[in-house]
Every structure is written in structure tokens, then in C-alpha cells.
Amino acid sequence: MWESRISQSEVGDGGAMAAGRNLARRNAMRSGLVVVGAIAFGYLSIQVGFKPFLERAQESMERSQPQPKLESDPSSQLSSDDGFVSSFSEEERL
């Protein structure tokens, strides 16, 4: 099934060297595909295997962080001029 046979058309023009290069290129591409598949399978298996632990850790981190207080009072927020010192006079800013 996975036999690598060299056909006459591969040997005819460039000889055995060209056929060997083609065979090496196909084997390298096949090996690369196997490596990429193995990495993807490993990543997915880790995600599925550790999913309950990761969810619990994320929930505990969310609970431990203090929630920001939202103030609905607009007078407590700074206006654009509060706390800002400018070296320009009022006429120069316009």
C-alpha cells in the first residue's frame, strides 16, 4: 500500500538521482503531515483531558478578583477641566 516504486517516467529523464529526490520529497512531506497531525491530536487531547480542571481554575480566578464598582452618579466623575493644569491661557486654547 505505501510502497514507493520508481516508475520508468521518473527514471527516464534525470536518472535515478531525480527519482530519488522525488521519493525523498514525498517522504518528507508525508513525515511533516504526520508530525502536524500528531501535534494537533496532542493539543486536542490535552484540552479535552484537562477541561474540567481549567474551567474550575478559571471560575476560582474570576471569583477572587474584585468586581469594579460602577458609579452612576455623574457628579463624582471628573470633568474635562478638573485636575488638568494648562500653561495656555483661555484665549490660546480656543
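The values are calculated or read from the model by the stated rules, or taken from the named source; none is laboratory data. Because the structure is predicted, anything quoted here is derived from the model rather than measured. Heads up, the Cβs are rebuilt from the backbone with ideal geometry, glycines too, and the neighbour counts pull from every protein chain shown.
Condition check ((1) modelled with pLDDT under 85; (2) surrounded by 10 or more Cβ atoms within 10 Å (Cβ to Cβ); (3) touching a helix residue (DSSP H, G or I) at 6+ places or on another chain (Cβ under 8 Å)) across all residues:
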residue: GLU10; (1), (2), (3): yes, yes, yes
residue: ARG26; (1), (2), (3): no, yes, no
residue: SER64; (1), (2), (3): no, no, no
residue: GLU71; (1), (2), (3): yes, no, no
residue: LEU78; (1), (2), (3): yes, no, no
residue: SER87; (1), (2), (3): yes, no, no
- Message: Can you pull out every residue in the stretch 15-69 that is aliphatic (A, V, I, L, M) and touching a residue at least 12 places away in the same chain (Cβ under 8 Å)?
- Response: ALA19, LEU23
